[in-house]
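Down below is the structure, laid out as structure tokens.
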Amino acid sequence: RHEFSMEMTCEGCSNAATRVLTKAGGTDIVTDLASKKVLVTSDKSSDELLEILKKTGKAITYVGPVN
Amino acid sequence: SAQVRISVEGMTCKSCVRNIEEHVGKQDGVQSVEVSLEDKEALICYEKAKTSATALRDLIDDMGFEASLVL
Ligand SMILES: [Cu+2]
Ligand SMILES: [Cu+2]
């Protein structure tokens, strides 16, 4: 399970993050606008997920693995 | 130069519009991009030699907005 920090300003942003991660086969996706957190469970590596999230056009960084 | 109209679902506010306009506007071959929140549409002018309607559709879709070509 991975945690990312993503610049999200509205529902459109958080929905976009959820949508691209779902499309990439991610599960258990949690987004939180206030804390800018994105959590996802995936078989993909954190680098691959970072590339997918970067395509949203938003500033995004990898925080680390979470349980 | 060519023009494509793309239906864009999922935008909620002006900042979504700006994000798409800036991101698409940066792509090689894109000459102009106008996004309407009300019409849920993007109107893009581009150079055929450098990009295509489907590539631009995929670009917006990869941004997390459901995008489809309007014929
Ligand atoms: Cu937003
Ligand atoms: Cu928005």
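Within the range A:26-35, which residues are within 14 Å of chain B (Cβ to nearest Cβ) and either in contact with an Asp or Glu (Cβ under 6 Å, 6 or more places away or on another chain) or within 16 Å of ligand 2 (Cβ to nearest atom) (or both)? Selection gives A:T31, A:L33. For residues that are outside any helix (DSSP H, G or I), more than 11 Å from the chain's Cα centre (by Cα) and either surrounded by 14 or more Cβ atoms within 10 Å (Cβ to Cβ) or within 10 Å of ligand 1 (Cβ to nearest atom) (or both), tally how many sit in the range B:10-30. Number of matching residues: 5. A:K23: more than 16 Å from B:I20 (Cβ to Cβ), within 10 Å of another protein chain (Cβ to nearest Cβ), open to solvent by 40 Å² or more (accessible area, probe 1.4 Å) and modelled with pLDDT of 95 or more, yes or no? Here the answer is yes, as A:K23 does meet what is asked. Report yes if some residue within the range A:41-56 is within 15 Å of ligand 1 (Cβ to nearest atom), among the hydroxyl-bearing types (S, T, Y) and surrounded by 12 or more Cβ atoms within 10 Å (Cβ to Cβ); otherwise report no. Yes, the range A:41-56 contains at least one residue that is within 15 Å of ligand 1 (Cβ to nearest atom), among the hydroxyl-bearing types (S, T, Y) and surrounded by 12 or more Cβ atoms within 10 Å (Cβ to Cβ). Restricting attention to the range B:4-53 and to residues that are under 20 Å from A:I60 (Cβ atoms) and away from ligand 2 (no atom under 16 Å from the Cβ), the residue that is nearest to the other protein chains (Cβ to nearest Cβ) turns out to be B:K26.
A:G57 falls short on exactly one of the conditions (1) in contact with a strand residue (DSSP E or B) (Cβ under 9 Å, 6 or more places away or on another chain); (2) free of Cβ contacts under 8 Å to residues at least 12 places away in the same chain; (3) within 16 Å of ligand 2 (Cβ to nearest atom), and that condition is (1).
The values are calculated or read from the model by the stated rules, or taken from the named source; none is laboratory data. Here the structure is a predicted model, which means the values were calculated and not measured. With ideal geometry, Cβ positions are generated from the backbone for all residues, glycine too; neighbour counts draw on all protein chains shown. Only protein heavy atoms, including side chains, enter the accessible area calculation; ligands, DNA and RNA are left aside. Shrake-Rupley method; radii C 1.70, N 1.55, O 1.52, S 1.80 Å.
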